[in-house]
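The values are calculated or read from the model by the stated rules, or taken from the named source; none is laboratory data. Because the structure is a prediction, the values reported are computed rather than measured. Cβ atoms come from the backbone with ideal geometry, glycine included; neighbour counts cover every protein chain shown.
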Amino acid sequence: MIKQTELPDTIAIFPLAGALLLPRSRLPLHIFEPRYLQMIEDTLKTPGRLIGMVQPNVVAGREGPGLHRIGCAGRLTQFSETEDGRYMITLGGVSRFRVVKEIEGFSPYRRCDVSWDGFERDLEDEEVDAGFHRSEFLDLLSRYFDARNLSADWDTLKEADDELLINSLSMMLDFESEDKQALLEAPSLETRRETLITLIEFTLRGGDEGEVMQ
């Protein structure tokens, strides 16, 4: 298991709206822009093979969209190249981080100095949510899936560990970028589950449109 002292002070940053990575979770990505193809090639040469996933911020930044202060670094665990030069990769979530500053330079992709302080729990064993009432949660999730005309492997959902279930849904469900950021910044699995339930209930009430989706 990687130690916090082994994590680098500077990492490549991939700002991708709506793409959420959480510790001990996996995120598949399709890379095709030239600057991010270069990012992957450079990352493969580093010892930790870490890329920082960060939600863009609406505030204008130095070279386009700003960045949220907290992101999650993933280790490049799977890599394949298509015949036309695109990359199919998988990132394994390692730890959240706080952006300290963006690095000025000639890199075609963004790089940041980061701090790992405050996220020591991310490097430990998976979390358990002692207050998780699975049957009630799955009932709510079933209504959400029905409202969105989505299908699910309910046997797998029923058997999944607490963290795998909550984190996977947090990553996969179609929420706004700011909502994804709230799920990322949740200090514990319990608060992430509470945030997830709030977002699902908000959607079932019709969100800002006031339409009840039941």
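Would you confirm whether any residue within region 59-67 is touching a residue at least 40 places away in the same chain (Cβ under 8 Å), in a strand (DSSP E or B) and either touching a helix residue (DSSP H, G or I) at 6+ places or on another chain (Cβ under 8 Å) or not assigned by TED's automatic domain parsing to the domain that holds E33 (or both)? If you could, list the steps in order and put the result at the bottom.
Step one: filter region 59-67 for residues touching a residue at least 40 places away in the same chain (Cβ under 8 Å), giving 61-63, 65, 67.
From the residues that got through so far, the ones that are in a strand (DSSP E or B) too are 61, 65, 67.
Subset that is either touching a helix residue (DSSP H, G or I) at 6+ places or on another chain (Cβ under 8 Å) or not assigned by TED's automatic domain parsing to the domain that holds E33 (or both): none.
No, the conditions are met nowhere in region 59-67.
This table checks each residue for (1) in contact with a helix residue (DSSP H, G or I) (Cβ under 9 Å, 6 or more places away or on another chain); (2) over 23 Å from A19 (Cβ atoms); (3) outside any helix (DSSP H, G or I).
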| position | (1), (2), (3) |
| --- | --- |
| G131 | yes, yes, yes |
| D155 | no, yes, no |
| L164 | no, no, no |
| M171 | yes, no, no |
| L184 | yes, no, no |
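Got a sec? Which of S107, S95 is among the hydroxyl-bearing types (S, T, Y) and either touching a Gly at 6+ places or on another chain (Cβ under 6 Å) or closer than 26 Å to S168 by Cα (or both)? Of S107, S95, the one residue that is among the hydroxyl-bearing types (S, T, Y) and either touching a Gly at 6+ places or on another chain (Cβ under 6 Å) or closer than 26 Å to S168 by Cα (or both) is S95. Of the residues making up region 76-100, those that are crowded, with 17+ Cβ neighbours inside 10 Å and among the β-branched types (V, I, T) are I89, V94, V99.
Give the number of residues within region 147-196 that are surrounded by fewer than 17 Cβ atoms within 10 Å (Cβ to Cβ) and among the β-branched types (V, I, T). Total satisfying the criteria: 2. Would you mind stating whether I103 is β-branched (V, I, T) and surrounded by 18 or more Cβ atoms within 10 Å (Cβ to Cβ)? It is false that I103 is β-branched (V, I, T) and surrounded by 18 or more Cβ atoms within 10 Å (Cβ to Cβ).
If you go through region 197-209 and keep only what is surrounded by fewer than 18 Cβ atoms within 10 Å (Cβ to Cβ) and hydroxyl-bearing (S, T, Y), you end up with just T198. For region 1-47, the tally of residues that are in contact with a strand residue (DSSP E or B) (Cβ under 9 Å, 6 or more places away or on another chain), of a type outside the set (F, W, Y) and in a loop (DSSP other than H, G, I, E, B) stands at 15.
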